[in-house]
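Just so it is clear, none of the values below were taken in a lab; they were calculated from the coordinates. The shown structure was predicted, so the numbers you read here are calculated from the model rather than taken from an experiment. So basically every Cβ, Gly included, is an ideal-geometry build from the backbone, and we count neighbours across all protein chains shown.
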Amino acid sequence: MPVTLPLATGGSYTLTPSKIIALGLNYLEHIQESQSVDVQNFTNEIPTEPILFAKTPNVLIGPGEAILLPRLIEGYDFAAARTDYEAELALIVKDRCKDLSPEEGLKHVLGYTCFNDISQRNFQKQDKGGWFRGKSLDTFGPIGPVIVPPEAIADPQNLEISCRLNGRLVQHSNTSRMIFPLAEIMAFVSKNFTLEPGDIIITGTPSGVGQLAPGDVVEVEIEQIGTLRNPVRAE
């Protein structure tokens, strides 16, 4: 669904992306917790090129909106249902582009914001189709609280990123620790897909991912951007 966010420079921007492209396994410390996450194609091997997957636009919700733990999980005989938070930096694409070089990549970024890549782990583990369903359920993409233009961020490759669950720090890292840097991500994604204005690229999560429960409040905070805060409830 469309989400309208304020621009740090004034005004607002309505996100209606044609696609949301996400990176898996882009922080070494997250790769190292692969055993505890326990989903298919999640190993302790360091990738040689960015690992891409898609989230569908129905995932998008804004700051303060509720993340819904899906009712359909109750119809499965899972020993333990698990839906996780994942704090990430998101890039909003500025204009139509294709086949970018790393040197050109960040020139096509409209702005940066916070993203929470909510993930239903049981579906990620069991679905023969891979991660698609577990990543694209309704409300599984909180975004915000503001879009910050590139000129307002001195170095997007050196930003503190953290996540708090009910006020407790559960993730903390820096974008400098990405395996594939932002400019390279933009170039790689654009070589595979023509990017359109408003498309969203999310750039991977550090270690410390964990389970959400009804009544939780989860916050993603990124230096120079702000804090994205969302409650959690059962559908």
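Data table
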quantity: Cross-chain or 6+ apart pairs with Cβ under 8 Å, segment 1-18 first and more than 23 Å from S136 (Cβ to Cβ), then among the aliphatic types (A, V, I, L, M) and in a strand (DSSP E or B); calculated: P6/V146; P6/I147; L7/V146; L7/I147; A8/V146; A8/I147; A8/V148; S12/L5
quantity: Condition broken by G130, with the remaining ones in (1) closer than 20 Å to L228 by Cβ; (2) touching a Phe, Trp or Tyr at 6+ places or on another chain (Cβ under 9 Å); (3) assigned to a loop (DSSP other than H, G, I, E, B) satisfied; calculated: (1)
quantity: Of all residues making up segment 159-183, the number that are within 17 Å of E29 (Cα to Cα) and part of a helix (DSSP H, G or I); calculated: 3
quantity: The listed residue being part of a loop (DSSP other than H, G, I, E, B) and touching a residue at least 12 places away in the same chain (Cβ under 8 Å), out of P145, P156; calculated: P156
quantity: Extreme residue, surrounded by the most Cβ atoms within 10 Å (Cβ to Cβ), among residues of segment 98-115 that are small (G, A, S) and under 18 Å from N192 (Cβ atoms); calculated: G105
quantity: Of the criteria (1) over 15 Å from the mean Cα position of the chain (by Cα); (2) surrounded by fewer than 23 Cβ atoms within 10 Å (Cβ to Cβ), which one S207 fails; calculated: (1)
quantity: Candidate set from segment 149-196 (those that are among the β-branched types (V, I, T) and either under 18 Å from the mean Cα position of the chain (by Cα) or surrounded by fewer than 18 Cβ atoms within 10 Å (Cβ to Cβ) (or both)); member that is nearest to L91 (Cα to Cα); calculated: I185
